[in-house]
Ligand SMILES: NC(=O)c1ccc[n+]([C@@H]2O[C@H](COP(=O)([O-])OP(=O)(O)OC[C@H]3O[C@@H](n4cnc5c(N)ncnc54)[C@H](OP(=O)(O)O)[C@@H]3O)[C@@H](O)[C@H]2O)c1
């Protein structure tokens, strides 16, 4: 049996509990992972509250980001580059119901983890990291660009901001004042979000691209600043995509090859993804309360 975070009905973090579920053996192309770390994401909370609809039966499991050790290998399970998966491999990526002691993952949604990338960091990279990569795939930026990243202190935003800076762009990022020092530490010029954003950004320079990693405010500012709509990407402001004609983040870049490249950057020290807090599995409710309140830049992680 496996201990896993579960919920029987929609609601706040208080509906979460830890229960036992039967161990499932990996099917063809799958592996079973002993979870070392599972990063939490806003989508986990949106599914739990019903803000995002799901038809999955109750009790529902939680989470999709993980890092851990391969415990069992299904028939024909190979990594994205064709190499076979072996029991004992350290991996990270996407798993089903990752907030648990053990989870099933499709081998082609995993990358190999090296020691230089701590499990707590690797276990928070799939959604945030690949969404950030996807922002840059949707709106490529480089030297000569000035990018406005909305929500640059969030997990997606702080990775997108660093990737844009690495590509040679100047990066302006919105965050609350307490996180401005952090943004400066990763090479981002901070600006407060809220009313008057466009005017504050105009004083800093001419924006050529917008990545909105929180809501639509940076997109509205981009419109006011005359940024072409095909140079603006949204990850969370779904209504703005239709209303403003900005681009929805494309999904093609969510590949394990790109995940492995993110891991390489972290190993080299050219990308940082801070771990804000770690919680044992039994404190999953407190961990989500932390995620859903104002928190420091980076990931909240369960370490079963
Ligand atoms: N479409 C997709 O595929 C996709 C993928 C991943 C995430 N998302 C969505 O993207 C959003 C961010 O995810 P995340 O993992 O980065 O969340 P996160 O780590 O919890 O970060 C959220 C950030 O939002 C910032 N924020 C709060 N109010 C803001 C405002 N009015 N303007 C600008 N920023 C504000 C906060 O900044 P301060 O702390 O500085 O106030 C915080 O750092 C979530 O809505 C998530 O569901 C979508």
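The values are calculated or read from the model by the stated rules, or taken from the named source; none is laboratory data. Just so it is clear, the structure is predicted and the values come from calculations on it, not from any experiment. Ideal geometry is used to build each Cβ from the backbone, glycine not excepted, and the neighbour counts take in all protein chains shown.
Structure summary
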quantity	calculated
Within the stretch 213-304, helices (runs of 4 or more DSSP H) holding 1 or more residues that are farther than 27 Å from residue 146 by Cβ and not assigned by TED's automatic domain parsing to the domain that holds residue 142	256-268, 284-291
Hey, residue 152 within 11 Å of the ligand (Cβ to nearest atom), farther than 21 Å from residue 230 by Cβ and surrounded by 24 or more Cβ atoms within 10 Å (Cβ to Cβ) or not	yes
Any hit, the stretch 134-148, residues being under 22 Å from residue 64 (Cα atoms) and either touching a helix residue (DSSP H, G or I) at 6+ places or on another chain (Cβ under 7 Å) or at pLDDT below 95 (or both)	yes
Only one of 209, 177 that is without any contact (Cβ under 8 Å) to a residue 60 or more places away in the chain and not assigned by TED's automatic domain parsing to the domain that holds residue 42	177
Of all residues in the stretch 181-212 being in a loop (DSSP other than H, G, I, E, B) and under 23 Å from residue 292 (Cβ atoms), the one that is nearest to the ligand (Cβ to nearest atom)	193
Criterion violated by residue 105 - all others in (1) surrounded by 22 or more Cβ atoms within 10 Å (Cβ to Cβ); (2) under 30 Å from residue 296 (Cβ atoms); (3) in contact with a helix residue (DSSP H, G or I) (Cβ under 8 Å, 6 or more places away or on another chain) satisfied	(3)
Failed item in (1) touching a residue at least 24 places away in the same chain (Cβ under 8 Å); (2) farther than 23 Å from residue 38 by Cα; (3) surrounded by fewer than 23 Cβ atoms within 10 Å (Cβ to Cβ), with residue 223 passing the rest	(1)
Residues of the stretch 155-180 satisfying the condition of being over 16 Å from residue 235 (Cα atoms), touching a strand residue (DSSP E or B) at 6+ places or on another chain (Cβ under 9 Å) and near the ligand (Cβ under 9 Å from one of its atoms)	175, 176, 177, 179, 180
Selection count, the stretch 279-293, where residues are surrounded by 16 or more Cβ atoms within 10 Å (Cβ to Cβ), in contact with a strand residue (DSSP E or B) (Cβ under 6 Å, 6 or more places away or on another chain) and touching a residue at least 40 places away in the same chain (Cβ under 8 Å)	4
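To keep it simple, each residue is scored yes or no on (1) under 22 Å from the mean Cα position of the chain (by Cα); (2) loosely packed, with under 14 Cβ neighbours inside 10 Å.
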{"position": "50", "(1), (2)": "yes, yes"}
{"position": "60", "(1), (2)": "yes, no"}
{"position": "68", "(1), (2)": "yes, no"}
{"position": "73", "(1), (2)": "no, no"}
{"position": "82", "(1), (2)": "no, yes"}
{"position": "92", "(1), (2)": "yes, no"}
